[in-house]
1. Under a Cβ-Cβ cut-off of 14 Å, what is the net charge of the residues other than ASP45 that fall near it, where Lys and Arg count +1 and Asp and Glu count -1?
2. Tell me, what is the FRET efficiency for ASP221 and ASP114 to the nearest 0.05, using R0 = 45 angstrom and their Cβ-Cβ distance as r?
3. Under 15 Å from the Cβ of ASN222, count the other residues' Cβ atoms, weight Lys and Arg +1, Asp and Glu -1, and hand me the total.
4. Taking other Cβ within 10 Å of each residue's Cβ, how do VAL234, VAL204, VAL85 sort, fewest first?
5. Within region 100-183, report the trypsin sites (Lys or Arg not before Pro) that DSSP leaves as loop and that have at most 13 other Cβ atoms within 10 Å.
6. So how do SER186, SER66, SER210 line up by other beta-carbon neighbours within 10 Å, fewest first?
7. Suppose R0 equals 30 Å. What FRET efficiency, 1/(1 + (r/R0)^6) with r the Cβ-Cβ distance, do PHE139 and ARG185 give to the nearest 0.05?
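Throughout, read-outs are computed from the coordinates displayed, never taken from laboratory work. Not measured: the values here are computed from a predicted model. Because the Cβ atoms are built from the backbone with ideal geometry, glycine has one as well, and the counts that use them run over all protein chains shown.
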Amino acid sequence: MRISAIITVLIISASFHAQCYPDRHNTTWFDGWVSCEVSPNPITDYGETHWIQYDLGHQYLLGELSIWNHNDPDNLPRGVDALHVDYSEDGQNWSNLGTFNVPAADGTSIYEGDVLTDFNSEQARYVLLTVESTHGAPFCAGFSELKIGVEGVVTDITEFQTPDACFDVSIYPNPHRDIFNARIRSQCGGQMNVMIHDAMGRLVDERFLSGLNTEEFMTFDNAELPAGIYYLTVQQADALGRYQIVRTR
């Protein structure tokens, strides 16, 4: 039987706490994901495996990934050991974050899981976990819980971009109230000019970057600006892009 999960709500490590030890996990076998039959993996190179694919509903800039291994004290060997982590924007073209070893759970009610890795703001809608090995179980594999931190929803805000532009721009959060962030990945080389204009075309902010880095992160504070539509323009070499920004009250 093929075991997979498509979810529309991303499990996020929230800042609030509903109990004294919010990271602890119980020991019931039905809280979590278990696969006892391999099936064709969405990444064909993996063949037939135990795997689970998450659809996060939107593209996000992903952060820290935490996992709670299979914590049923009678079936601890079912817990995943070597785990491939892949991510995708469209569910068809995948990038590999790496292969990670997940420590076995201890089967107690005070088990708090582990931080496995960090996506470091990689952009994705889909996350695929593929089990390479378990902690000893020959047929079944699983884990109890997964959490992925996010930095913001990525929306399509491109107003204009020259053909074959050599940079990619992500803006988050968008819409925003006071502060938004821009991430620019570039292969152009040379000085980069980043400008913000209002809907009337008036320049409200301008920054110059050396272009020596292939990835730039910038934070903009629009607290003094009225609510409305603004445009972020990026110019580098012969490439030009303009992206819509919405400031709310």
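1. -3
2. 0.80
3. -1
4. Ranking VAL234, VAL204, VAL85 by Cβ neighbours within 10 Å, fewest first, gives VAL204, VAL85, VAL234.
5. Answer by residue number: ARG177.
6. Fewest-to-most Cβ neighbours within 10 Å comes out as SER210, SER66, SER186.
7. E(calc), rounded to 0.05, equals 0.10.
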